1. Roughly how many nanometres apart are two label points built 7 Å out from the Cα toward the Cβ at Arg231 and Asp468?
2. Put +1 on the Cβ of every Lys and Arg and -1 on every Asp and Glu Cβ in the chain; which of Pro514, Met276, Asn380 then has its Cα farthest towards the positive end of the dipole?
3. Among the trypsin sites (Lys or Arg not before Pro) within segment 384-481, which fall in a DSSP loop and have no more than 14 other Cβ atoms within 10 Å of their own Cβ?
4. Please tell me the relative contact order of the chain in percent, rounded to the nearest whole number, where contacts are Cα pairs under 8 Å and at least six residues apart.
5. Per DSSP H run of at least 4 residues, take -39500 (n - 2.57); add these up for the chain, divide by its residues and hand me the 222 nm value, nearest 500 deg cm²/dmol.
6. Which angle between 0 and 90 degrees, to the nearest 10, do you get for helix 502-511 versus the longest principal axis of the chain when only C-alpha atoms count?
7. Want the number for Ala130 to Ala498: 0.36 nm per residue separation, take away the alpha-carbon distance, what's left?
8. Report the gain in length on full extension from Asp191 to Ala336: 0.36 nm times residue separation, minus Cα-Cα distance, nm rounded to one decimal.
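The values are calculated or read from the model by the stated rules, or taken from the named source; none is laboratory data. Keep in mind it's a predicted model, so treat the numbers as computed, not measured. Positions of Cβ are backbone-derived with ideal geometry, glycine not excepted, and every protein chain shown enters the neighbour counts. Calculation scope for accessible area: heavy atoms of the full protein, side chains included, ligands and nucleic acids excluded. Shrake-Rupley method; radii C 1.70, N 1.55, O 1.52, S 1.80 Å.
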Amino acid sequence: MHTAPTRVDRSGIPAVSVRTPRTDVIGAAVDLARITAGARRVLVLGTEEHMATPLAIADALRLRSDADVRFSTTTRSPIAVFDDPAWPIRSVVSFASHDRTVDGPGRRHAYNVHGFDVVVVVPEPATDPADLTGADGLCTVLAGVAERVVLVTSDLDTGRGSAGAPRPLEGPAFGSYAPDEVSWLLQDLGDADLEGRAEDRERAIQLEGANYAESLPIEYVPTDAYESLYRQALDRSARRVAEAVGIVTELVLRDRGHNAVLVSLARAGTPVGVLMRAWAAHRHGWRLPHYTASIVRGVGIDETALAWLAAHHDPATVVFVDGWTGKGAITRELTAALAAHAASTGVRFRDDLAVLADPAGCTTLFGTRDDFLIPSACLNSTVSGLVSRTVYNRAFTPDGTLHGAKQYREFGDRDRSRAFVDTVARWFDAVADDVDAAVRDRDHSQAQPDWRGMRTVEAIGARFGIEDLHLVKPGVGETTRVLLRRVPWQVLVRDPDAPDVAHIVALAADRGVPVVTVPDLAVNCVGLIHPLGSRVADQTGTADGTS
């Protein structure tokens, strides 16, 4: 069963192109949004009593298209037609029946189908396309009144499909982003009791072998002073972020083309994916599909999410998106997970990771390699659609199900997700020339991975006697995470007065964490997680420098 977009020209000769199989409404809508891009008015046309699925497709397409999307259905009933603004039935096309009825073939009618750029025909399941595209068939007749006719021939499912099959979550039911901005390949764990004190989580992770994704940290609610620091950071960095968004998006489009599918790594990657999708739409008019999936260190990327993506998109078009790199651990996790997935399923996704900032030097798809403050790193759920970090816990996410997350509706009055995207997007036009120049002048040899972040971590681990390098988190984004989610030991900064670390210094002061100046740091800052049970945990000395 396939979704076969059928272009029927004015001569009535169809040119059929069979695409990847689609068995659900969202997958069909994603295809149709791409096929109908640029159309002003689109009609989704069911056939007689077959209305529920076409109507669901029209609704899903409306959320993914700039077009005016309408819905109608054919009928065997003759209706009086008058070309009069006061009359509801203004036009009609008639065609040969394609259904098998007890009273035999006859004429069928479609009303008010004139004036559309594209008509999408969704017939009953098992309809023979030849009955629709023949000399007097529905599609051929419609070609006389519309520029394009698209025929959908899959048996589509409006619900969850087979029992237990996953289905992406969308706002406003889940998260505060609009449905066309991102679909969450997660399950909603809103009723689960998962939050724990940072100290308890840290002991479970370091001393009991728990995975950090088995539970959630208590969500940090920013103080007014910290919110002010965030706003200052956003005002200061919005143009720089917009330029990085533009560069990495253009690199992705140059590599994947307009069929690119963005899959953000939850949750830091989600605002970046939303912005990349916005850039592609603003600069090129391309509405890229965008999903968020979970990746967990030591576990890999969500296998159920990969299976869903492979069923709905060509894996070669998928690009994974994150906010920044630290030492390259997630990059390596992604590569290993996708290689294992390919070995077990034969389905191969590409492992190049697209990020705004790559101070770790571990990918070729990056906006910059500078370690600068991406303001979304300052906050948690309130800049990520009110969604928690992801959960991998077999009590709540058994085999065959998606990883989970919670949404924090109670923080709705502090939600900055939309404001962050809008503030950055306002700079798109201003940075367009700089983006084009940067992409044109990108030196491919200098853009190759050199894994400088891992070398930095190894040097710091040796300097501080830290054997578990997972406890060393380099860069502004990773240091922020240490202070918001983990039990910090101390924070190293190259320059405590640098604007990019102002929120770091404030968070550390709020939590009583020593800030140590290390002028020769390779990055702006490094967060050190408290090494519980280690000999260094009792040390009171700090690195060379002043605290």
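1. Spacing of the two 7 Å Cα→Cβ label points: 4.0 nm.
2. Met276
3. Working: sites: Arg389, Arg394, Lys406, Arg409, Arg414, Arg416, Arg418, Arg426, Arg440, Arg442, Arg452, Arg455, Arg463, Arg481; in loops: Arg389, Arg394, Lys406, Arg416, Arg426, Arg442.
The qualifying sites are Arg394, Arg426.
4. 13 percent
5. -10000 deg cm²/dmol
6. 70 degrees
7. Numbers: separation 368, 0.36 × 368 = 132.48 nm, distance 6.89 nm.
Computed gain between Ala130 and Ala498 is 125.6 nm.
8. Values: separation 145, 0.36 × 145 = 52.20 nm, distance 3.25 nm.
Going from the current span to full extension adds 49.0 nm.
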